[in-house]
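Presented below is the structure to which this report refers.
The values are calculated or read from the model by the stated rules, or taken from the named source; none is laboratory data. Worth saying up front: this structure is predicted, and the values here are computed from it rather than measured. Note that we place each Cβ from the backbone using ideal geometry, even for glycine, and neighbour counts take in every protein chain shown. Each accessible area value is taken on the protein alone, full model and side chains, heavy atoms only, with ligands, DNA and RNA left out. Shrake-Rupley method; radii C 1.70, N 1.55, O 1.52, S 1.80 Å.
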Amino acid sequence: MNAPPYLPRFTAAAVQAAPVYLDPGATVEKAVALIAEAAGNGALLIVFPEVFVPGYPYWNWTMNPVQGSPWFERLHRASVDVPGPYVDTLRAAARRHGVVVVIGVNERCAHSLGVLYNTLLTIGPDGELLGVHRKLVPTWAEKLTWTGGDGSSLRVHRTPAGPLGALACGENTNTLARFTLLAQGELVHASCYIALPVAPADYDMADAIAVRTAAHSFEGKVFSVVACSTVSPEIIDAVAGDDEQLRALFRRPRSALSGIFGPDGRPVTEPLVDDAGIVYGEIDLGRCIQPKQMHDITGHYNRFDIFRLEVDNTPRRPVTFTAPPPAPVTHPLEEDA
């Protein structure tokens, strides 16, 4: 029996790796190599970690804001312009291999030096930049680095891998954000995380990722591809330095998990915990049909006469002109010249 064209079968890849810390050029080169490797192994959809380019601001968790301020400048200088040359390189890699790529970047803002976004890029197999999603709410200490995005990027994209949505890390705990994607027909969900060894002592990041991923997959009856970063010795040296207590903390086990989960909430294959590598899994979107008959929270298993979700998807800008802006003022000396 033939499935509709939006219910393909394909191989997905979840990349668990560390960036070349605070080096965007080298990290993009590493991403290009990983795209080639995953595509060579038959992957159509390749998902990378949160802010893979050029890394996560761990200093927010280990330093006070004054100590961390020079690090914010380092991150700003190493961040990515969208559009820009690093994005063009990633788009070219996706086009060269004919794959769909979701990858996290630190995005510089065009209008303010104080604004960085935690951004997920979704790139189509023709190299088109399909989506630029800015994390809606930076989590806890992350507020020292990132500005929140707006609702304009909460979108599901039609791709050869099916209807695809993406959220960054803690957003996968935001029920309304997840519902917004599901209500647009999402069947494949990209969850992008960072390893968090600096979490509270009773917090198991690997378990937290698995629980969130299973919950979204089971509730929405969708497939989820979850990709998490790792902590490299280079990152430990950069952020922890000679502080042995911090160095030990950064080596904490069960800080990362990557894998592919099915619409029953179970992993399609064994997830990868802590170690760097690529997890592959087979996705058959036809498997989403029968579970939807039981619980379809965006259809028959909801009461839209009782519940209503309204999403403001207006792009937010710092200034709006009601008329064309005036011409720039010319300095008298420039007029004489």
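Local charge sum around GLU244 (other residues, Cβ-Cβ under 13 Å, Lys/Arg +1, Asp/Glu -1)?
On the way: positive: ARG247, ARG251; negative: ASP237, ASP242, ASP243.
Net charge in that neighbourhood comes out at -1.
Under a Cβ-Cβ cut-off of 11 Å, what is the net charge of the residues other than GLU142 that fall near it, where Lys and Arg count +1 and Asp and Glu count -1? It would help to have the intermediate numbers written out before the result.
Details: positive: LYS135, LYS143; negative: GLU50.
So the surrounding residues net to +1.
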| query | In the neighborhood of THR62, defined by Cβ-to-Cβ distances under 12 Å, what is the net charge if each Lys or Arg adds +1 and each Asp or Glu adds -1? | reply | 0
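Could you work out what % of the accessible surface of the chain is carbon and sulfur, using a 1.4 angstrom probe and leaving DNA, RNA and ligands out of the count? Can you show the working numbers first?
Values: 8750 of 16020 Å².
Looking at the chain in its full context, I get 55 percent from C and S.
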| query | Rank TRP61, TRP140, TRP71, TRP146 by accessible area, highest first, at a 1.4 Å probe radius? | reply | TRP140, TRP61, TRP71, TRP146
| request: Treating only the Cβ atoms of Lys and Arg (+1) and Asp and Glu (-1) as charged, compute the dipole magnitude of the range 278-325 about its Cα centre; round to the nearest 20 debye. | output: 180 debye
| Just by accessible area at a 1.4 angstrom probe, what is the order of ARG308, ARG95, ARG316 from largest to smallest? | ARG308, ARG316, ARG95
| note | Simple spin-label estimate for VAL115/SER69, 7 Å along Cα→Cβ, in nm, reads 2.2 nm
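What number comes out for accessible area per residue over the chain if the probe is 1.4 Å? Units Å², please.
Details: 16020 Å² over 337 residues.
Value returned for the chain: 48 Å² of accessible area per residue.
Taking the DSSP beta bridges in the chain as the whole, what percent of them are antiparallel, to the nearest 5?
Beta bridges within the chain, antiparallel portion: roughly 60 percent.
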| query | What value, in deg cm²/dmol to 500, does the helix sum -39500 (n - 2.57) over DSSP H runs of n ≥ 4 give at 222 nm once divided by the residues of the chain? | reply | -8500 deg cm²/dmol
| task | Obtain the nm distance between the two label points defined at THR320 and GLN293 by a simple spin-label model: each point lies 7 Å from its Cα along the Cα-to-C-beta direction. | result | 4.8 nm
| request: Would you work out which of ALA323, VAL32, GLY220 lies farthest towards the positive end of the dipole of the chain, given +1 charges on the beta-carbon of Lys and Arg and -1 on that of Asp and Glu, about the Cα centre? | output: GLY220
| said: Along the charge dipole of the range 68-180, pointing to its positive end and built from +1/-1 on Cβ of Lys, Arg, Asp and Glu, which listed residue (LEU164, LEU129, PRO70) has its Cα farthest out? | reply: LEU164
